[in-house]
Structure formats: structure tokens, C-alpha cells
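The values are calculated or read from the model by the stated rules, or taken from the named source; none is laboratory data. Please read all numbers here as calculations on a predicted model, not as lab measurements. Glycine gets a Cβ as well: all are built from the backbone with ideal geometry, and neighbour counts include every protein chain shown. Protein only, heavy atoms only, side chains kept; ligands, DNA and RNA dropped before computing areas. Shrake-Rupley method; radii C 1.70, N 1.55, O 1.52, S 1.80 Å.
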Amino acid sequence: MVDTEHEQRWAVGDLATAVDVDDTLLYRVLRYLFTLNIVTEDPDGRYGVTDVVRWLATDAAESDIRRSKTTSLAISESLPDILQRQRAQLDSGTSSTTNASLAPSPLQSPRDDVVLDFVTLMRTRRQMRRSWMDVFPMPILRLSGRDYGSGRVNFVQIGKAWDGGQCLALRTRSPGVLGNMVLQVPEAVVARTDQTRLAGYGVSVQVHDPSRVQPVIGAKAYYLKNFLHDLSDERCLIILQRLAAACAPDSFVLIDEIILQAGDSQQKNLQMLSYLTAMERTRAQWEVLLTQAGLQLRRVYTYDAELGDSVIAAVKS
């Protein structure tokens, strides 16, 4: 239903012929799927696709099924070891002085298949869904004529994303958001960055450890995506304090992360801990960290309610 050149609404008989199954059986299956809101049904008995069907047609859906079958096993196998390694790092003090996440990546563990399926799942789901730019009020990021003329930096992307994808997307999707942009990455990944291509979009590249003093002072926005969830509260606090010190009165710190909702199952948090040694936080937990760092949570913009993907907009207290 998805692989056709133009998605169409199918009569049962036509679809049964296309996939070579019994039309009565197919009708009963489609009716069942309709009751689950997986397919649509027209009054004339034709069936169409939904986002669920489009998702099931991707390679990542198979990864999701495999991952789901092994989720409990993966957590039970890897979580004790991860916690032991984290405890050792905390006791030795190394976790607060290095750029590494707490504990080595579980990609080094025997559960490579589970981790890779999980990474494939998250990447594909996010490619198919909206981004923070779909919900954030972009006019906020526009520079005044004076700021633009003075060369004020508009957008700083901080983290391990060596391709500068957020800078490029912002430049492409919001041409009215003018000004210089900066991509800050650790030294370990800067060699993979295409600095010539980024320069063509007005993006300069800096090697930077975010736990050190922020070299770009007074930027309009400092943006971190899926980065702080790799770090302990102590390291997050250091990074946020550095950003607060660099902020101008009208600067924003934009934190793009999964925000756990009150009704969320804690299995999501355990999955992230088990697979990627990551920690998802609630809004209340983020507010505590921001307040301690000298920042104030202004608003949360959620762009994927199912996953909890949201961007936190914080300002200097």
C-alpha cells in the first residue's frame, strides 16, 4: 500500500489481487486493522494508509520488532554491569573530568544487535516525524539590524553532531533567520566535518569542550540536541553554567531532548540507560538543573508527543 508510486485507496479485491491473497481473509484483516486505527476505511469500502502503515513499511520497523522482543533481556543483562561501571567512575572522580559518558558505550557489549536496532529505530522515527523547527516560533531567532551589522552570532550548535545538520536545516528552512552560525564539536569528530560545505552556509566550526568556558559570547541561541542525556546531573550543571555565563539578556538556551511525562512508563528511561547509558529527565528535573545553573525555563515546545521529543527554551535568570 505504501510502495506504490502514488498512495491510493484500495478496494479489497484490487489489493487482494496485488498481493495474491484471498479477498475474504484480507477483508477481515483490514477491518481489524481499521478498528485499531492502523488503516483508514472509506464509506465505499476502500482502505488507505496511515502514518502507522508508512512506519511498518520501513526497514526500521523490523528493527523495532526485534528490539521489542529482546528489550527485557537487554535491560536485565546490561543494566547491572552499567551501574557497576558508573559507580566505579563516580568513586574515582573520572566522570566529571572527561568528555565520555558515564560508563563505556554498550556498543562494546555482547548486545550489539539490540543497540543497533534501537539506534536504527530512533533515527528512522525522527526522520519521519516533525522537528523542533515545526513548533518553535522562529521569529524569536531573528537578529535586529544592529545585531546583524555587528556580526552577532545567531545560532550555536553544541554536541557531537559533526555534520552540523541543525545549522543547515535552520538556514534552509528559515531563510529569514540571518546571521553567523557556529558548530562546536569535540576534537574526536572534527575531522569528519565538511568545513568547506558548512562555510558555504555561513557556518564556522570550532573544536570545543562544552564543560569549559564558552568562547561565543552573547549568541542569540545555544542549541544542544540529544547531548545532555548522555551526562550526569553534575556534568550537565557545569555545561549549563558555562552557557548561562555566555548568554546575553535576550539569548536562548535550546535543549532538544526527550522529556518524560508524568504518565510515561519508566521502561523508556531504563531502555535508554541500558542501550546508550543515557538518562531521560522529566520537566521538573530539567527545571531544577536550569535553576541551579542560573537559567530559567521559559517554555517547552513538544513536537512529538508519542516519543516526548521537545525543545526547552531557557533564558538567563
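A few remarks follow.
- Scanning segment 195-221 for residues that are under 14 Å from Val185 (Cβ atoms), touching a strand residue (DSSP E or B) at 6+ places or on another chain (Cβ under 6 Å) and in a strand (DSSP E or B) yields Val203, Ser204, Val205, Gln206.
- Test: residue in segment 155-170 that is at pLDDT 90 or above, open to solvent by 60 Å² or more (accessible area, probe 1.4 Å), closer than 20 Å to Val203 by Cα and among the polar types (S, T, N, Q): no
- Scanning segment 147-169 for residues that are free of Cβ contacts under 8 Å to residues at least 40 places away in the same chain and either assigned to a strand (DSSP E or B) or among the charged types (D, E, K, R) (or both) gives a single hit, Asp163.
- Checking Val182, Val177, Val203 one by one, the residue that is touching a residue at least 24 places away in the same chain (Cβ under 8 Å), in contact with a Cys (Cβ under 6 Å, 6 or more places away or on another chain) and closer than 23 Å to Asp147 by Cβ is Val203 and no other.
- Every residue from segment 240-251 that is under 16 Å from Gly159 (Cβ atoms) and surrounded by 22 or more Cβ atoms within 10 Å (Cβ to Cβ): Leu240, Leu243
- Qualifying residue in segment 206-227 (condition: within 21 Å of the chain's Cα centre (by Cα), open to solvent by less than 10 Å² (accessible area, probe 1.4 Å) and among the small types (Gly, Ala, Ser)): yes
- For Val288: the one exception among (1) modelled with pLDDT of 90 or more; (2) out of contact with any strand residue (DSSP E or B) (no Cβ under 7 Å at 6 or more places or on another chain); (3) open to solvent by less than 10 Å² (accessible area, probe 1.4 Å); (4) hydrophobic (A, V, I, L, M, F, W, C): (3)
- Some residue of segment 228-236 being open to solvent by 30 Å² or more (accessible area, probe 1.4 Å), modelled with pLDDT of 95 or more and over 17 Å from Asn180 (Cα atoms): no
- For segment 25-55, the set of residues classified as in contact (Cβ under 8 Å) with a residue 40 or more places away in the chain, of a type outside the set (D, E, K, R) and farther than 15 Å from Asp14 by Cβ consists of Val53, Trp55, listed by residue number.
- Residue match in segment 228-238 (condition: in contact (Cβ under 8 Å) with a residue 12 or more places away in the chain and under 25 Å from Pro139 (Cβ atoms)): no
Results for (1) at pLDDT below 95; (2) β-branched (Val, Ile, Thr), shown as yes or no for each residue.
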residue	(1), (2)
Asp250	no, no
Leu254	no, no
Asp264	yes, no
Gln267	yes, no
Gln271	yes, no
Thr277	yes, yes
Arg281	yes, no
Ala284	yes, no
Ala293	no, no
